[in-house]
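A short worksheet on the structure shown next.
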Amino acid sequence: MKKNYFLLPLTLLTATLFAQNTTTSDGLWNTAANWSNGVPTPTELVNVNNDMTLNRDLQIDNGGEYYIFGSAIDPVGGNTYAIQVQGSGILDISGKVEIQGNFNAQNNSQFYLRSGDTLIVGGDANFQNNSELTIETGAVFLIKGNLNLQNNNATLLNGNMYVEGDVEAKNKATIDGTGSFQSDGQVVIGNKSSLFGSTSYCPGTCEYGSGAGLPIELKSFEASLNENNKKLVEVKWTTLSEINNIYFIIEYSTDGKNFNEVDQVEGAGNSNRELNYSRVIQLENIGSENYFRLKQVDYDGSSKTFNAVSLQKSNSTSKFSNKADATIYPNPSNGNQLKVSLENFEAGQYDLALT
């Protein structure tokens, strides 16, 4: 009889282990061969370690736990797929997920977006009925449609949340934390709800929390001539962090005023570590004065343009640092003397032009 007491927990443990399902290769989500135990059901423990293409809706029910460490992408231009989390289901993202449909979380479900990771929802997002959301520092949650929060939904926002449409919060729905929340549309708050403590209507554009996050933090940007081919210029830059950054544009000018795009480089989306980029630009008619600058573009189409660097034929490299600062005084000048204060410039030779 004593042996029977030991057999029961061992049997339950075996059943629990068989309920796990893990990706085995990149590919289509709905292909059984890409999984250790076939296409996952809504109530399984699922680990996504590969880059998967969504070709079905994702549904997570009571008992289901989905952990995404790789990516799950619903490509633009095809069918529209959605995510549904309900009945104490858990969705935990430590990678990148993009859907073209809606994202619904309800009925005591839990959603986590980990630090430095991204969720893009092409449709609406609806969170209700005691659902809980946690957006960690450095994470970005982009909603291209509307956001609806209601019925005791609780959101801890320490990262960044962007809504291109309207926002409605009602029936004790709250967003709190140390992060930033932005909406291009109107924000309606009612029935004991609040966004970072605010209960006021906002007609749009609206910002809450720490406000708009910096799209990228640029450490350095430089351009240098190729020693063997003076028509080739290598452009290099380093970012310390990136938020919602879809791509960079490299622009070129011969006068420092009128710039044209010469190349595009894909951004990291979201990153909280140092990243290095480089590109070789071919110029057919390089002049004695050449200017390069960097432009960054967000997922929502907004952009930021950084200061240009000047590259002369006589100088092999021109450098820029966002930490560098040059002050010329007095301004306006007394006509006799100008003083220049330089801080945090990298060692090298610089040309100063007053216009």
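Whole-Hz Karplus values for segment 219-225 come out as 7, 7, 8, 8, 10, 9, 6 Hz, taken residue by residue from phi with 6.51 cos²θ - 1.76 cosθ + 1.60 and θ = phi - 60°; glycine and proline positions read x. Taking a sphere under 14 Å around the Cβ of Val187 and counting the other residues whose Cβ falls inside, with K and R at +1 and D and E at -1, yields a net charge of -4. Under 1.5 on a/c is rounded, so check that first for segment 37-127, then, if it is not, pick prolate when a/b is larger than b/c and oblate when it is not; a ≥ b ≥ c are the square roots of the alpha carbon gyration tensor eigenvalues. Rounded. Across segment 17-209, the mean sequence separation of Cα contacts (distance under 8 Å, 6 or more residues apart), normalised by length, yields a relative contact order of 11 percent.
Taking other C-beta atoms within 10 Å as the exposure proxy, Glu44, Glu261, Glu164, Glu207 rank Glu261, Glu207, Glu164, Glu44 from fewest upward. Rounded to two decimals, the Cα-based Rg/Rh of segment 94-170, with Kirkwood Rh, is 0.93.
What shape does segment 153-216 have by the C-alpha gyration tensor, where a ≥ b ≥ c are the square roots of the eigenvalues, rounded means a/c under 1.5, and otherwise prolate means a/b greater than b/c and oblate the rest? Because a/c hits 1.5 or more and a/b fails to exceed b/c, segment 153-216 counts as oblate. Rounded to the nearest 0.05, the FRET efficiency derived from the C-beta distance between Asn108 and Ser303 at R0 = 45 Å is 0.65. Sorting the segments 32-42, 58-68 by their residues' average number of neighbouring beta-carbon atoms within 10 angstrom, most packed first, yields 58-68, 32-42. Taking Cβ atoms as reference points and 10 Å as the exclusive limit, the residues near Ile243 contribute a net charge of -3, counting Lys and Arg as +1 and Asp and Glu as -1. Paramagnetic label reach from Lys219 (point 7 Å along Cα→Cβ; backbone nitrogen cut-off under 13 Å): within segment 242-257, residues 242. Which of the pairs Lys144/Lys304; Lys257/Lys295; Lys219/Lys295; Lys230/Lys295; Lys257/Lys304 have their Cα atoms more than 22 Å apart in this structure? In this structure, Lys230/Lys295 lie more than 22 Å apart at Cα. Using only the Cα atoms of segment 65-216, build the gyration tensor, take square roots of its eigenvalues as a ≥ b ≥ c, and label the shape rounded, prolate or oblate: rounded if a/c is under 1.5, else prolate if a/b is larger than b/c, else oblate. Rounded, since a/c falls under 1.5.
For Trp35, the residues whose amide H sits under 5 Å from its own are Thr24, ignoring neighbours fewer than 5 places away on the same chain, with H placed 1.01 Å from N. The phi-based Karplus calculation (6.51 cos²θ - 1.76 cosθ + 1.60; θ = phi - 60°) puts the 3J(HN,Hα) values of segment 151-157 at 6, 6, 5, 10, 10, 9, 10 Hz, whole numbers, x for Gly and Pro. What does the charge count around Leu119 come to, taking other residues whose C-beta lies under 9 Å from its C-beta (Lys +1, Arg +1, Asp -1, Glu -1)? Charge balance in the 9 Å sphere: -1. Extension gain for Ser194 to Thr178 (0.36 nm times residue separation, less C-alpha to C-alpha distance): 4.3 nm.
A short reminder: the numbers here are calculations on the coordinates, not readings from a lab. Quick caveat, the model's predicted, so the values are computed rather than measured. A quick note on method: Cβ atoms are made from the backbone with ideal geometry, for glycine too, and the neighbour counts reach across all protein chains shown.
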